[in-house]
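Please treat every number below as a calculation from the coordinates, not as lab data. Bear in mind that the values here come from a model prediction, so they are computed numbers and not experimental data. Backbone-built Cβ (ideal geometry, glycine too); neighbour counts: all protein chains shown.
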Amino acid sequence: MKIAIIGYGKMGRVIERLAEGKGHSIVLKIGSGNLADLTPANLRRADVAIEFSRPEKAFNNISACLRAGVPVVCGTTAWLNRLEEAKALCLTTGGGLFVASNFSIGVNIFFAVNRFLASLMEGQSQYDVHMEEVHHTQKLDHPSGTAITLAEGILSHISRKNHWETHLQSVENEQFTTVPDAIPIVSKRIVNVPGTHVVTWTSGIDTIEISHTAHSREGFAAGAIAAAEWLAGRQGYFEMKDMLGF
């Protein structure tokens, strides 16, 4: 398979290494120094594009791929205010678009466990819930897309909560004011942390906690490559639940 990598940073380099290790070829690499090379002719050299760029670039990159007739896998977060536009463009161009807040297989299992636990907690009002996410200092958006997906999974099952709140912790043990119908998400940014997410349910007598910790970027990259392989030959909009079946 011929792959275009859009967003040739740390993640892009891991994708390149793992993809070539599986026998795929990288025919286009777009980074901050060669944005002018993102042309329809260059894109059409690829069977699929994998997009890990920046929130302000993601929609335009996706649009360029779809208009060039190239299916695209997108792992960029914090651009989803334009997701419906991207879906509409995917439909009108007859293209393929695969979007996920996190391509790690382990994280998507964690998503499913989180939803199941939330469904159990709907009838256990003595438990309150809060979340924490920790990432490297280069991650500018907060909360993470993964944390938002986790929070939305809880909100879909817990009627006593109706929104999430974001809190960026600048000092250890910083305290935040919250409201009863919100899920607080505390974000921390620490050097060289690929990603940790913790969901905690607390009552007056005990605490139940589930967490996922990434050890490297390889899990995210491997999942994105698997999504690209799966997307080949398909038309429409897809998410990890379509590929994994849960």
Obtain the radius of gyration and the Kirkwood radius of region 43-117 from its C-alpha atoms and give Rg over Rh. 1.03
Provide ARG160, ARG189 in ascending order of the number of other Cβ atoms located within 10 Å of each residue's Cβ, fewest first. ARG160, ARG189
In the chain, with Lys and Arg counted as +1 and Asp and Glu as -1 at Cβ, which of these residues, ILE205, PHE110, ILE15, has the Cα nearest the positive end of the dipole, that is, farthest along it? ILE15
Gain in span if fully extended, GLN138 to PHE176, counting 0.36 nm per residue against the direct Cα distance: 11.3 nm
If you take every residue apart from VAL48 with its C-beta less than 9 Å away from the C-beta of VAL48, what net charge results, scoring Lys and Arg +1 and Asp and Glu -1? -1
Grab the Cα-Cα distance for GLN126 and ALA88, subtract it from 0.36 nm times how many residues apart they are, and report the gain in nm with one decimal. 9.4 nm
Tell me, in nm to one decimal, what length is gained between LYS10 and SER32 on full extension, where the rule is 0.36 nm per residue of separation less the Cα-Cα distance? 6.7 nm
Likely footprinting exposure, ILE183, ILE50, fewest C-beta neighbours within 10 Å first: ILE183, ILE50
Computed P(r) (all Cα pairs; the chain; 10 Å bins; percent): 7, 30, 33, 20, 8, 1, 0
For region 147-180 and region 46-84, distance of Cα centres in Å: 28
Percent of Cα-Cα distances greater than 14 Å, calculated over region 178-244: 74
I need LEU43, LEU155 ordered by Cβ neighbour count within 10 Å, fewest first. LEU155, LEU43
P(r) weight above 23 Å for region 105-214, C-alpha pairs, percent: 24
